[in-house]
Amino acid sequence: MTALLPRRGLAQILALIVILAVDRVVSPQFFDLRLQDGRLFGSLIDVLNRGTPVALLSLGMVLVIATRGIDLSVGAVMAISGAIAASLADSHGLAVVLAAALGAGLLCGLWNGFLVSVLGMQPIVATLILMVAGRGIAQLITEGRIVTFTSPDLVWLGNGAVLGLPVPVAIALGMLILTGAVVRGSALGLLIEATGGNARASELAGVGTRAMILAVYVWCGVCAALAGVIAAADIMGADANNAGLWLELDAILAVVIGGTSLFGGRFSLILAVLGALIIQTMNTGILLSGYPPEFNLLVKAVVVLAVLLLQSPKLPGLAGIAARLRRAKA
Amino acid sequence: MENSLDPVPSLLEVRGISKSFGAVRALQEVDFTLRAGEIHALLGENGAGKSTLIKVITGVFPRDAGIVRLGGAEVAPRSAKAALQAGIATVYQEVNLLPNLSVAQNLFLDRQPMRFGIVREAEMRRRAKTLLAGFGLDIDVAAPLGSYSVAVQHVTAIARAVDLSARVLILDEPTASLDRHEVEILFNIMRQLAGRGIGIVFVSHFLDQVYEISDRITVLRNGRLVGERETASLPRLELIRMMLGRELAETTSARAATREHQAREVCASFENYGKAGYVAPFDLELRHGEVVGLAGLLGSGRTETARLVFGAERADRGQARVEGASVRLHTPRDGVRHGFGYCPEERKTDGIVADLTVRENIVLALQAKRGLHRPLSRREQDEIARRYVKMLDIRPADPERPVGLLSGGNQQKVLLARWLATSPRLLVLDEPTRGIDVGAHAEIIRLIRDLCDDGLALLVISSELDEIVTYSDRVVVLRDRAHVDELTGEAIDVTNILAAIAADGAAAVAHEGRA
Amino acid sequence: MKGLPPVLITAIVLVAGFALCAVQFPNIASTRVVGNLLTDNAFLGIVATGMTFVIISGGIDLSVGSVIGFTTVFVALAIERWGVPPLVAFVAVLALSAAFGAAMGAVIHVFDLPPFIVTLAGMFLARGASFLLSTESVPITAPVYSTVSDFALRLPGGGRLTAIAIIMLLIVIGGALLLHLTRFGANVYALGGSRATASLMGVAVGKMTVKIYMLSSFLAGIAGIVFSFYTSAGYSLSAVGVELDTIAAVVIGGTLLTGGQGSVIGTFLGVLIQGLIQTYINFDGTLSSWWTKIATGVLLFAFIALQQALVAVARRPVARSAGAAS
Amino acid sequence: PASAAQLTIGFSQIGSESGWRAAETSVSKQEAAKRQVNLKIADAQQKQENQIKAIRSFIAQNVDAIFLAPVVSTGWDAVLKEAKEAKIPVVLLDRDIDPSGKELYLTAVTSDSVHEGEVAGDWLAKTVGDKACNIVELQGTVGASVATNRKKGFDTAIAKHPNLKMVRSQTGDFTRAKGKEVMESFIKAEGGGKSICAVYAHNDDMMVGAIQAMKEAGLKPGKDILTVSIDAVPDIFKAMVAGEANATVELTPNMAGPALDAVAAFKGKGAVPPKWIQTDSKLYTAADDPQKIYDSKKGLGY
Ligand SMILES: Nc1ncnc2c1ncn2[C@@H]1O[C@H](COP(=O)(O)OP(=O)(O)OP(=O)(O)O)[C@@H](O)[C@H]1O
Ligand SMILES: Nc1ncnc2c1ncn2[C@@H]1O[C@H](COP(=O)(O)OP(=O)(O)OP(=O)(O)O)[C@@H](O)[C@H]1O
Ligand SMILES: [Mg+2]
Ligand SMILES: [Mg+2]
């Protein structure tokens, strides 16, 4: 299937290259890599590692957005699953911890999916409910403090390395492949795109649109829960107050940078993840640049606008070049 | 075609218009001339470029080459608004006014009667009412347009354009969802406007209507101008040859005689089936190899019957059986599972998924039927798509093109392909030939027959009584959301159907189109 | 009138909620609390009015919270540090915010980009700009400020209808008139029905888009000024997250996020419902930080679910008499 | 006059953005329970407008006193005036407000966050001595007054020592995750951390994250790189026990205790407290038996 490969990712790849180049300018050692304690070490690895939570979120978010939905609760779900994982980590095995945390994410997704597909609420308010209440639930679990743990298994999830890569990065990669395999290996991808493109027509064609919508919110919840576990494992503690705070916006941004329309329909998993990497490359660059933090948001705004303009259908820039290249090839 | 020697001054002159969408050359050096006071039919197969020409003229699409002159002066409207201001009013093919606005607002959008910067709501409604009355429509103009049937929406769109038209009125398939009576009213109005010197462009696939109303005809084929003729001096067969570039195979022979429809097995049956407030309970038997036509006026409940039969709407009484076994038909999925198919009448909102490709649209129902775990491989998909693109002559023959970019008629064919691909036992077609050109129309009717010969059961809704008569083995007549009559065999002809529809004497007056 | 039934339903939900709260805490049923409700939510009511236009037109504006923040900082600095007369500062900042909104609208239209993301960039931009102006909160001591914040119409029963509450009410009324009685308003609905169709029908879609976002930012600017009256200060972190409260208020008020339907009055009721939830939680006073969040979520759910149930009930008889319309 | 046993006090708390804040809330409850005061806590979720609403509703409920932990220093005049009109005394906790509001509150129980920064800076200057030292700073949330003040205090303290140089400063939003991420990039940007001699973090949470980043980069926090931060939350003492942190400046979570005493005295005997009850900004280092302090703080709700 072509779907895992970017069919139209030229603009995104170029954007990433440009930002990487700018990062190299503001920080000469940006591309340095060395091996230390069996893991790679360098700014590029930081980009991958720090980009992992948003990349995971965007894997779920892109499917939700493909059905014309949106999930504002992912940040709160991260907080919940992180809190659960941290509270159980020192008394239970990793399997139990993961099952509980991901199970919580699944329930959250079910709730969102229920509100949207069965009760027919507008996705943005339906998930706003859990966005507000979910963080409360997470804080309830931790009672507002930072619950720390020492369980080496869980710590490994956040800080370990496989084949030189940080474990979170390997997990994100695994999730990308898994999601891709499930979505594109089955008919799910087509049916989701049909549902998002025209729910009424799809329903009449026999597509179980409600089930599709439920499924994508559930998956989004699971992805968010996984991101939450990783975020907690990373700092060896669950910070229910701040974990995942405002990350829903980054995830949505990543999906849109990845070329998926907020009006549903066509989606690309790999480009959504690329979108997350673009955001993180920019963030890491800002941190390395040494500019005062007052500038962070301004830089972010300018970069986001620039990346979007690159993709604008109306701008005879990259999109045009890409189209011409494709035509030349065809 | 050089018209400079024309005695009648031309009102709208189009010269050498070209327009490409990527690799698709939709128009190539097309000329078109509209005189003041004439009704000019613009004809051609599906995808010939009629709608594109119109949109280029009104500036909705930028043109690649060519000029447009209006009343001798060159114009180049950059938007629909500019075209309106220049005096060109248009009803586009996929009309669709704004269903969320009231009928009155739709009629007077952007030109509401104002006082002190405030819209004079009452005045606007009064004018709307008067305007629609001219079209034989007496409805509550304050209600949202979306609460009315497609036909009412269509009439509203036409009324708006007519009211707007200063010099040129362009109607792209205005009659596709109107019935005879409304078409009559429309034609009367068109004649009056033409009498006032307004030039009218009329697009239609109904050749009868073209001959009834138009003065001249321009034919396009594959984006090129084929010719311009006086209607009166152009024989029908010649016209068809111009449009298709070939002869049309004979299709309209009577059919009933060739078939015996007694000994056929029942495919699906419905007893006392209905839904309160939707359609009165009815009995209906659909047999393998048989075509059942549903006839009735707009709003008589044909679409509703179709939706109940397919499972798109849930019945609240009665019993449905498939091959003798009683079944539950609560959702479209149930229908699909039992081997039903349904082409809805509103293809844009209920039919196509515009962003997806032709291939994906064609395999959608089959995939939904097979379920998630048995995905069609890309090769199977390609093959299915290729087969049906060829069988139905979908143009352009590119399965990877987003369906939304196809012309209206070709979209309709994609929908048909979607259901044929599921090899259904029962196919419900709601206005299957709407917007389809003469050639394809003949193809589809032949296809319907072939399908029946292979044992498919068909339930077809059409406002074209001739069409219904051509292929139906039985005709069920509806009135006021109830099945009122059933005609079989020799009894099926247009006169009898009309009589059944009008059994209460007042034929075709009820235009309470409110859904 | 179109849009009336949903508004009515929202009103019923509000009144029912208010009655329930008053049963538990009789103090709630006082003009003081009602006056507070209006004053405390004045800035929210103002931005929500603008947001209603944006959402009905099928868009969204995430930048409003940041624009409020920027406005407060700008006004405070202009008055206190640069010595500009307050009135001039107001005019300047309103011009600035209107231009900002117009720019966002232009980008959305010209480059055909999703409003969600363009206004998200706008949100970063405006917040970033206010950080550049000042990261410290700047108190405003100009006499106008104390005059305005001291002004209040006394209501019977000890309540106060403050100047900013009055400004908000005027803007809500003005917004409602603009939306429901003018050509501009009709075009807003048209855009929300379908941009493409509206354009085919001769609506100048580009100009409308620019104007709508301009209106939203302009009202966010007014809300910022009101906020600066409310707090007598300018602070770069003020009104963080207000965009979500605003969107929630608009949607609770019966406006469809997909555009094409809704009303300013509904939005106003939505703002009051949110204020009521807040007041209830404050009156309870026993809730910890987390229970506050959970309770807010639960109440939000309850209100929306109640509203949807009422809508479903209200729609049923229609369906029975005339079949299902889409 | 009401006796302390019958007092109802409304407390407008900022929110629960950090462990320290949670501890302040729970200590306040404990202190109120000790004195049998009915404490109503309204959580503002970090929003000033919510705090103003909360105060208004406390006034509407006619409480005996109002505690306010202001999220920002400005903008309280109007609502505090209302409280004054209603004759309800207001006590500020943890943070001060703009001077213009001086006569609108009874007293303020706060620490001096500029001073906290100074204490941290002074400790660093003393510890480093004459050696050249490159410092990196993890700031709090941009625009938060505590962050501004702690930066100001620290900058003043090190300005007197030309050998101390601030080389990088970026915001870590007061959180562990951001603290870790920012520290990671500082390490990369400063040649693997070799040129960094000390980290100053505006709160302990960010420092805990930074310590992890240093460890993962193969550095030894507390030895290769000195650490000094503020708040004195339990986890930083744990790090001290492990030799990974050097110093912290305490911000006591018990602001309510003195405040309750002041209100009780005022209500009972009409005793007017001083305008500012300053809490101690005590410096803790590894020399102060961090294990014991950790044990004593563990149960406070951090
Ligand atoms: N927006 C578009 N983008 C790309 N191709 C388009 C677009 N609009 C039309 N086309 C293509 O241009 C050609 C002409 O289409 P057009 O809609 O003008 O046909 P038509 O004559 O109106 O057909 P019909 O009778 O079916 O309405 C078709 O091949 C169609 O696929
Ligand atoms: N439950 C439903 N959901 C969505 N659309 C519906 C539903 N029921 C009917 N419709 C649509 O409402 C319109 C009203 O149909 P109408 O009353 O005109 O019936 P009809 O007899 O089928 O007439 P015609 O087919 O000539 O339009 C139809 O276009 C139909 O597609
Ligand atoms: Mg056409
Ligand atoms: Mg119909």
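The numbers here are math on the coordinates, done by the rules we state, and not lab data. Here the structure is a predicted model, which is why all the values come from computation and not from measurement. Cβ atoms come from the backbone with ideal geometry, glycine included; neighbour counts cover every protein chain shown.
What's the average, rounded to a whole number, of partner chain beta-carbon atoms within 10 Å of each residue's beta-carbon in C:184-190?
Going residue by residue through C:184-190 and averaging, the value is 5.
Which of the peptides A:90-96, D:196-202 is most tightly packed, and how do the rest follow, going by the mean number of other Cβ atoms within 10 Å of each residue?
On the way: A:90-96: 12.7, D:196-202: 27.0.
Output ranking for A:90-96, D:196-202: D:196-202, A:90-96.
Would you mind pulling out the separation of the Cα centroids of the range C:245-259 and the range B:31-84, in Å?
Answer, in whole Å: 41.
Pop out the ³J(HN,Hα) list for the range B:364-369 in order, Karplus 6.51 cos²θ - 1.76 cosθ + 1.60 with θ = phi - 60°, rounded to Hz; leave Gly and Pro as x.
Using θ = phi - 60°, the values come out as 4, 5, 4, 5, 4, 6 Hz.
Return the FRET efficiency for the residue pair C:VAL15, B:ASP316: r is the Cβ-Cβ distance, R0 is 45 Å, and the value is rounded to the nearest 0.05.
0.85
Exactly which trypsin sites (Lys or Arg not before Pro) in the range D:54-151 are in a DSSP loop and have at most 11 other Cβ atoms within 10 Å?
Answer in residue order: D:LYS87, D:LYS131.
If you average the alpha carbon positions of the range B:352-369 and of the range B:392-424, how far apart do those two centres end up, in angstrom?
The distance from the Cα centre of the range B:352-369 to that of the range B:392-424 comes to 9 Å.
If I model a spin label at B:ASN272 and B:ALA76 as a point 7 Å from the Cα along the Cα→Cβ vector, what separation in nanometres do I get?
Distance between label points: 7.1 nm.
Quick one: compute a quarter of the convex hull surface over the Cα atoms of the range B:314-416 and quote it in nm².
7.7 nm²
How would you rank A:281-289, C:267-275, A:32-40, B:124-132, highest first, on the average number of other Cβ atoms within 10 Å across their residues?
C:267-275, A:281-289, B:124-132, A:32-40
Please determine, in degrees from 0 to 90 and to the nearest 10, the orientation of helix B:150-164 with respect to the longest principal axis defined by the Cα atoms of chain B, where the helix direction is its Cα long axis.
Taking Cα atoms only, the helix is inclined about 0 degrees.
Calculate, for B:ASN188 and C:ALA29, the FRET efficiency according to 1/(1 + (r/R0)^6) with r their C-beta to C-beta distance and R0 45 Å; round to the nearest 0.05.
0.10
Over all residues in D:60-67, what is the mean tally of Cβ atoms on other chains that come within 10 Å of each residue's Cβ? Walk me through the intermediate numbers first.
Details: counts 13, 7, 1, 1, 0, 0, 0, 0.
Across the residues of D:60-67, the mean count of other-chain Cβ atoms within 10 Å is 3.
Work out, in µm²/s and without decimals, the Stokes-Einstein translational diffusion coefficient of the range C:194-326 at 10 °C, 1.306 mPa s, Rh from Kirkwood over C-alpha pairs. Numbers along the way, then the final one.
Working: Rh = 18.1 Å.
Answer, rounded: 88 µm²/s.
How would you order B:68-74, D:88-94, B:101-107 from highest to lowest mean count of nearby Cβ atoms within 10 Å?
Ranking, from highest mean packing down: B:101-107, D:88-94, B:68-74.
Quick one: C:PHE301, A:PHE31, fewest Cβ neighbours within 10 Å first, how do they rank? The partial results should precede the final answer.
Numbers: C:PHE301 21, A:PHE31 12.
Fewest-to-most Cβ neighbours within 10 Å comes out as A:PHE31, C:PHE301.
Please report, in whole Å³, the volume per residue of the convex hull around the C-alpha atoms of chain A.
Taking only Cα atoms, chain A has a hull volume of 149 Å³ per residue.
For the protein assembly as shown, what ratio Rg/Rh do Cα atoms give with a Kirkwood hydrodynamic radius?
Taking Rg over the Kirkwood Rh, I get 1.01.
Taking +1 at the Cβ of each Lys and Arg and -1 at the Cβ of each Asp and Glu, which of A:LEU178, A:ASN159, A:VAL147 sits farthest along the dipole of the range A:47-290 towards its positive end, judged by Cα position relative to the Cα centre?
In the range A:47-290, that residue is A:LEU178.
Starting with the fewest neighbours, write out A:TYR291, B:TYR388, B:TYR342 ranked by other beta-carbon atoms found within 10 Å of each beta-carbon.
Final ranking by Cβ density, sparse to dense: A:TYR291, B:TYR388, B:TYR342.
Would you work out the charge dipole size for chain C about its Cα centre, treating the Cβ of every Lys and Arg as +1 and the Cβ of every Asp and Glu as -1, and quote it to the nearest 20 debye?
800 debye
Calculate the dipole size of chain A relative to its Cα centre from +1 charges on Lys and Arg beta carbons and -1 charges on Asp and Glu beta carbons; express the result in debye to the nearest 20.
1400 debye
Work out the mean other chain Cβ neighbour count within 10 Å for the residues of B:340-352 and drop it here as an integer.
3
Quick one: 3J(HN,Hα) in Hz for the range B:446-452, Karplus 6.51/-1.76/1.60 with θ = phi - 60°, rounded, Gly and Pro as x.
Each residue's phi maps through the Karplus curve to give 5, 4, 4, 5, 4, 4, 5 Hz.
What is the P(r) of the range C:1-70, as percent of Cα-Cα pairs per 10 Å bin from 0?
Spelled out bin by bin, the range C:1-70 gives 16, 34, 33, 17, 0 percent.
Given C-alpha coordinates of chain C, what is the ratio Rg to Rh with the Kirkwood estimate of Rh?
That ratio is 0.98, to two decimals.
Treating only the Cα positions of the range B:329-377 as identical point scatterers, give the base-10 log of I(q)/I(0) from the Debye formula at each q in 0.16, 0.24, 0.32 Å⁻¹.
-0.51, -1.04, -1.22
Would you list A:PHE114, B:PHE310, A:PHE149, A:PHE30 from fewest to most Cβ contacts within 10 Å?
On the way: A:PHE114 17, B:PHE310 27, A:PHE149 20, A:PHE30 23.
Listing A:PHE114, B:PHE310, A:PHE149, A:PHE30 from fewest to most nearby Cβ atoms yields A:PHE114, A:PHE149, A:PHE30, B:PHE310.
Which one of C:ALA42, B:HIS338, B:ALA128 is farthest out on the positive end of the charge dipole of the protein assembly as shown, using unit charges on Cβ (Lys, Arg +1; Asp, Glu -1) and the Cα centre as origin?
Positive-most Cα among the choices belongs to C:ALA42.
So, R0 is 25 Å and r is the distance between the beta-carbons of B:LYS348 and B:GLU29; what FRET efficiency does that work out to, to 0.05?
Once the sixth-power term is evaluated, E becomes 0.25.
Describe numerically, in nm with one decimal, the distance between label points set 7 Å from Cα along Cα→Cβ at B:ALA232 and at B:LYS390.
Output for this residue pair reads 4.8 nm.
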